[in-house]
Structures are given as structure tokens and as C-alpha cells.
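Chemist: Can you keep this structure in mind? I'll have questions shortly.
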Amino acid sequence: MPTSESDPHGPVPELYDLAVVGAGCAGLSGAVTAAELGLSVALLDASGQTGGQYYRHPAPALGAVRPEALHHDWSAFAELRRRQKACRVTRLARHHVWAVTREDGDLWAVHAVTGADGDGERSVRVRARALLLATGAYERQLPFPGWTLPGVVGAGGAQAMLKSGLVLPGRRIVVAGSGPLLLAVGSSLAAAGARVPAVVEASGYLRYARRPRALAANPRKLAEAAVHGAALLRHGVRVRTRSAVTAVHGRDRVEAVTVSRLDREWRPVQGTGRRIACDALAVGFGLVPQTELATGLGCAAHRTADGASALVLDPLQETSVPGVWAAGETGGAGGAQLAREEGEVAGLAIAARLTGRPALVRSGRMRELRRRRARMRAFADVMAAAHAPGDGWTRWLADDTDVCRCEEVTAGRIREAVAGLGARDARSVKLLTRAGMGWCQGRVCGAAVACLASGRGVAERRPLAVPVTLSSLAALDGAGADPGPPGP
Ligand SMILES: Cc1cc2nc3c(=O)[nH]c(=O)nc-3n(C[C@H](O)[C@H](O)[C@H](O)COP(=O)(O)OP(=O)(O)OC[C@H]3O[C@@H](n4cnc5c(N)ncnc54)[C@H](O)[C@@H]3O)c2cc1C
């Protein structure tokens, strides 16, 4: 367990060869690869730790003796961190990047705030010749009656509580939603001592069998699923497929959930609801790429098989905007190993461009990485198609179910805006009802509101990637926007 992640290097220069946003598997791998090839690299992340979602680990103050016990493949992360400490990566931790802009002289300016956690917010601007966006993904939530009760948490959120805080959201936890993450979450919670009465998957696993070649080419993924499956079996956890939690019950917090069978379109089958007692529900419907910084620059996006929006990338991970690369979940959810390899492809490609060494992109290493990436992306496509939400999920909603929890906008008000007032997209619904205008800025309800408005679950574009104060915006003219010392 590391005791400190402080940066060993001196004051932060303002101009770098490469700015990397996101220090998860993809960003860390890209930053290290580029720095080892001689580039000066700034690595910014909103978190105080490197490792992103997958390698989230307890804060040193918690005194965890073996944080790796909660992870698969910890050695890959340990190796990346060892390499990071040995090269020219300036790590800017707790830096929340709210926008990226293009400046004169083919430079990119990364605008961040730091100190927002309590020390007084400060604006930071980092300029770079190239940009790697590795901002990962967030969980897709689909609302249902009772989902705002205390005790309902995201499935990935429950995993994050365990990995970073060593706490469980409850003692008896139902895990529900869709996607392979549910198996990982169910087995980790059970191994950590929770009773997990059921893992409830809205799709079935048989859809994977439609692409046998992609499955056969990714035996490691199958082995991972088998490990989680065996752990669930060992802990007596039942996996219910083609089912969903369609209501949560409780007075002040979760006391039980209703699980209903679903048809192919995810419509609940009448008369199949069964109550399961629990004190927490961990729920999530797959991952949505976090692409605001990229789309704000005009980078093209495409629709993935599960209806999310991901960046269009060329074989060397460059976006449609020259000089801007992306890696990991920003190009579609595909897992930690894929993110790491894509980060390396991007790091090599950026170094090749900036140092004038095209041989780097023709190297045997690059060929091998691209071959592996193609194989893993094919599996990611199968996974996305297998867990694509069916249109019938909106049948779970009662008219009085809150869809936008920040502004307390119900499904009934959104339906009225669509049927009665002619709203055809999430933006019009927002203007008519305030749905998506609250603290989370539509990150939680965006996909659901878009789906109710237009039948398409893609949330609208947001010009600012994170909440930011007016004084930080005012600092954009240059005053007060100097980079400070490296993060802790
Ligand atoms: C909540 C959650 C839990 C997950 N749990 C698991 C699991 O248990 N098992 C599993 O196999 N997979 C899990 N996944 C998926 C797995 O995390 C990814 O496959 C993998 O981490 C992808 O790596 P990445 O580098 O693309 O993104 P991430 O690891 O998500 O890294 C992205 C980084 O970007 C930073 N960032 C994003 N936006 C900004 C910004 N505006 N400013 C500054 N920094 C920013 C984030 O803080 C983060 O550190 C989870 C995903 C999520 C969202």
C-alpha cells in the first residue's frame, strides 16, 4: 500500500508536450508511454489517486494492509506506477478539468479548478502541444419507483465504496441492472461479508453466443466471468436473468425490492413480481462514456450497440480533431486491459507525431497492441449489444416516479411535456420542466429523460464538463489562471 502519491518533480511549468486528462488505466498508460519516449507530460485527474475507477484503492489513512486483495490484475497497475515515478510525468491530482480550448500556435489549453474540496478554489491552466482525453465513463441509471430512497446506490458506486472506503452500503444487498459489472460487484460484496440475495440481470447471457468468434478470441474475459460465477455460487448468490427491480419499498430507507420478469423489450411481465427483503440495492445499467471535453472541441461521436455515445477514433486513437487523442472508455466501455493498451497506442502515436519518429507507429510493439485492441474491441461490441437496454423499461415508471431527482421532476410531468406540449428532445423537456437542470447537470437522469423525450437514450451535450464558479470562468482571460504547484 503506498503511503503517498506525491509528485517528486518541482514547480509546474505551464507548457507541456502532452496534457493527459484522466489518470485511470488509459491515461496513466498513455502518459507513461509518451514520457518514456522523451515528452514532457502533465497528467491531470479530479481524484487524489491514480488508477481511475478500476484501481480505486483505500486512502493511506485507512491503513489497508493489502489493497490489492480487492482487485484483479493489481500487478499491471503497480508496474504502471513504478514506471510513472521513474519518468517525466507531472501529476496534477485533484484537478477538475472543466473545458479544453484551442489556442494560437496549435496549442491546447486545459482549464481546471483545484482546491474545490475545501482549500478555496483556484483556477489552473495547462497548455500543451497534444492532448489525450482518457476521462472514462459513468454509470447509466434508469429510474423506477422508489429509486431515490436511501440505500439505493449505483452498482459501480457500491464497488467504489468498498474499494476506496472499505465499507458496504448495507448488510443484505440486492445487485441489479445490466452488464458484466454486476457479476463483479455481486461477488466482491459477498466476499466482503454482505449477504447478496440476488444478482438481477435485465438481459440474458445467451446473446453473447451469437458471436462465437469474438468469444473464442477472448478467453481471458470468459475466465473472468467464470471466476465471478464460481464466487457467486460459493456464496449462494442466485443470478436471475431477464428480470429487473421494478420497485423499491421502505419508509425511510430500503426495506425490500420487487423483482419482475421482463419480456424481450424489457417490459415487465404482469403477475411475475416477487418481493425480496434487503437493506440496500446496488443498481446500474452499463457505462456511458464521459466525452464532454472531447465533444466540446468538436470531436465526432458515434452510437454504440448499447445506445451510448462514444468517440470516433482512428486506428492510432486520434479523434476527428487533429492533435486530440482519446483512449479507454471514452471510445466505448471495454474494460481495464483494453483501456491500458489503448493508452499505450495513443502514447506511441503522440510521441511519433511530436518527435518526428514515424517508425514508432510501424513498430512490432504497435502492431501487437493494435491486434490485441481489435480483438478486445470486438468483445466490447458483443458485450454492448448483449446488454443494450430494451425500450420497454419506461413501463416500470409510475407517473409519480421522480426521473430527475435533483429538481424532483416526475415521469408524469415529462410525459405531459412530450404528449401535451410537443417536446421532442431532452433540451425542450428541460426548458419546460427543469429536468436535468440541477446539481448533477443531467448526468444521472440525462439518458432517461432523452429516452422519454425521443425514444433515444443519448443525453445532450454539455459545454462544461464539471461544475465551475463564475470566478474561474472570469479567470479565462489569463489573470489568476496560472498553474500552481503539483498536487499532493
Ligand atoms: C463507477 C464504476 C465502477 C467500476 N467498477 C469496475 C469493477 O469493479 N470491475 C471492472 O472490471 N470494471 C469496473 N469499471 C469499469 C472500469 O473502471 C473501466 O473499464 C476502466 O477503469 C477504464 O479505464 P479508463 O482509464 O478508460 O477510465 P477510468 O478508470 O474511469 O479513469 C478515468 C479518470 O478520468 C478522471 N476524470 C474524468 N473526468 C475528469 C475531468 N473532467 N477532470 C479531471 N479528471 C477527470 C476520473 O477521475 C478517472 O480517474 C467501473 C466503472 C465505473 C464507472
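The values are calculated or read from the model by the stated rules, or taken from the named source; none is laboratory data. Treat the numbers as computed from the prediction; the structure is a model and nothing was measured. Note: ideal-geometry Cβ built from the backbone for every residue, glycine included; neighbour counts use all protein chains shown. Each accessible area value is taken on the protein alone, full model and side chains, heavy atoms only, with ligands, DNA and RNA left out. Shrake-Rupley method; radii C 1.70, N 1.55, O 1.52, S 1.80 Å.
Chemist: Being β-branched (V, I, T) and in a loop (DSSP other than H, G, I, E, B) is the filter here; which residues of region 230-243 pass it? Please lay out each step first, then the result.
Modeler: Our first condition is that a residue be β-branched (V, I, T); within region 230-243, this holds for 237, 239, 241.
Residues satisfying the conditions are V237, T241.
Chemist: Right, something else. Exactly one of (1) open to solvent by 30 Å² or more (accessible area, probe 1.4 Å); (2) on the phi > 0 side of the Ramachandran plot; (3) under 19 Å from the mean Cα position of the chain (by Cα) is unmet by G356. Its number?
Modeler: (3)
Every residue, every condition in (1) open to solvent by 40 Å² or more (accessible area, probe 1.4 Å); (2) under 14 Å from G307 (Cβ atoms); (3) among the β-branched types (V, I, T), yes or no:
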| site | (1), (2), (3) |
| --- | --- |
| M366 | no, no, no |
| R370 | yes, no, no |
| R375 | yes, no, no |
| D381 | yes, yes, no |
| A388 | no, yes, no |
| D391 | yes, yes, no |
| L397 | no, no, no |
| V403 | no, no, yes |
| C406 | yes, no, no |
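Chemist: Kindly provide the set of residues from region 19-55 that are touching a residue at least 60 places away in the same chain (Cβ under 8 Å), more than 12 Å from the ligand (Cβ to nearest atom) and among the polar types (S, T, N, Q), ordered by number.
Modeler: The answer is T33, and nothing else.
Chemist: Which condition from (1) in contact with a strand residue (DSSP E or B) (Cβ under 8 Å, 6 or more places away or on another chain); (2) touching a residue at least 24 places away in the same chain (Cβ under 8 Å) is the one that C406 breaks?
Modeler: The one condition C406 does not meet is (1).
Chemist: Among the residues of region 233-246, is any of a type in the set (V, I, T), buried (at least 20 other Cβ atoms within 10 Å of the Cβ) and farther than 29 Å from M376 by Cβ? Show your work before the answer.
Modeler: Here is the first cut: in region 233-246, the ones of a type in the set (V, I, T) are 237, 239, 241, 245-246.
The next check asks that each one be buried (at least 20 other Cβ atoms within 10 Å of the Cβ); those that pass are 237, 245-246.
With the extra rule that they be farther than 29 Å from M376 by Cβ, the set shrinks to 245-246.
Scanning region 233-246 turns up at least one residue that is of a type in the set (V, I, T), buried (at least 20 other Cβ atoms within 10 Å of the Cβ) and farther than 29 Å from M376 by Cβ.
Chemist: Identify the residue in region 141-160 that is within 10 Å of the ligand (Cβ to nearest atom) and out of contact with any Pro (no Cβ under 6 Å at 6 or more places or on another chain) and, among all such residues, is least open to solvent (accessible area, probe 1.4 Å).
Modeler: Filtering first and then ranking leaves A155.
Chemist: Still on this structure, I have one more. How many residues are in a loop (DSSP other than H, G, I, E, B), away from the ligand (no atom under 12 Å from the Cβ) and out of contact with any helix residue (DSSP H, G or I) (no Cβ under 9 Å at 6 or more places or on another chain) when one looks only at region 56-102?
Modeler: The number of residues fulfilling the criteria is 3.
Chemist: Another question, then. Of the residues A378, A385, A351, A336, which single one is within 15 Å of the ligand (Cβ to nearest atom) and touching a residue at least 40 places away in the same chain (Cβ under 8 Å)?
Modeler: The match here is A336.
Chemist: List the strands (runs of 3 or more DSSP E) that sit entirely inside region 264-372 and contain at least 3 residues that are under 30 Å from R240 (Cα atoms) and modelled with pLDDT of 95 or more.
Modeler: Details: elements: 274-277, 280-285, 287-289, 301-303, 309-311, 324-326.
Filter on region 264-372 gives 274-277, 280-285.
Chemist: Tell me, yes or no, whether region 207-224 has at least one residue that is in contact with a Pro (Cβ under 6 Å, 6 or more places away or on another chain) and open to solvent by 30 Å² or more (accessible area, probe 1.4 Å).
Modeler: No, that holds for no residue.
Chemist: Any idea which of G105, G120, G136 is near the ligand (Cβ under 10 Å from one of its atoms), at positive phi and small (G, A, S)?
Modeler: Within the list G105, G120, G136, the selection yields G136.
Chemist: Based on what the data block shows, is V199 surrounded by 18 or more Cβ atoms within 10 Å (Cβ to Cβ), under 19 Å from G335 (Cα atoms), within 14 Å of the ligand (Cβ to nearest atom) and modelled with pLDDT of 95 or more?
Modeler: In short, no.
Chemist: Would you pick out the residues in region 97-140 that are of a type in the set (S, T, N, Q), surrounded by 23 or more Cβ atoms within 10 Å (Cβ to Cβ) and farther than 12 Å from D45 by Cα?
Modeler: S123 - this is the single residue of region 97-140 that is of a type in the set (S, T, N, Q), surrounded by 23 or more Cβ atoms within 10 Å (Cβ to Cβ) and farther than 12 Å from D45 by Cα.
Chemist: Could you list, in sequence order, the residues of region 74-96 that are open to solvent by 80 Å² or more (accessible area, probe 1.4 Å) and basic (K, R)?
Modeler: R82, K85, R88, R94
Chemist: Another question, then. Between a first residue in region 56-85 that is touching a residue at least 12 places away in the same chain (Cβ under 8 Å) and under 19 Å from G335 (Cα atoms) and a second residue that is assigned to a loop (DSSP other than H, G, I, E, B) and open to solvent by 30 Å² or more (accessible area, probe 1.4 Å), which pairs have beta carbons less than 7 Å apart while being 6 or more apart in sequence or on different chains?
Modeler: H57/Q49
Chemist: Can you tell me which of A217, A194 is more than 22 Å from V288 (Cα to Cα) and out of contact with any strand residue (DSSP E or B) (no Cβ under 6 Å at 6 or more places or on another chain)? Outline the logic, then answer.
Modeler: On the way: A194 fails: out of contact with any strand residue (DSSP E or B) (no Cβ under 6 Å at 6 or more places or on another chain).
Just a single option satisfies the conditions, and that option is A217.
Chemist: Kindly provide the set of residues from region 437-454 that are open to solvent by 20 Å² or more (accessible area, probe 1.4 Å) and over 20 Å from R395 (Cβ atoms), ordered by number.
Modeler: M437, W439, C440, Q441, R443, V444, listed by residue number.
Listed here are the residues, each with its yes/no results for (1) more than 24 Å from the chain's Cα centre (by Cα); (2) surrounded by fewer than 17 Cβ atoms within 10 Å (Cβ to Cβ).
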position: D252; (1), (2): yes, yes
position: E265; (1), (2): yes, yes
position: P268; (1), (2): yes, no
position: T295; (1), (2): no, no
position: A305; (1), (2): no, yes
position: P315; (1), (2): no, yes
position: P322; (1), (2): yes, yes
position: T330; (1), (2): no, no
position: A333; (1), (2): no, no
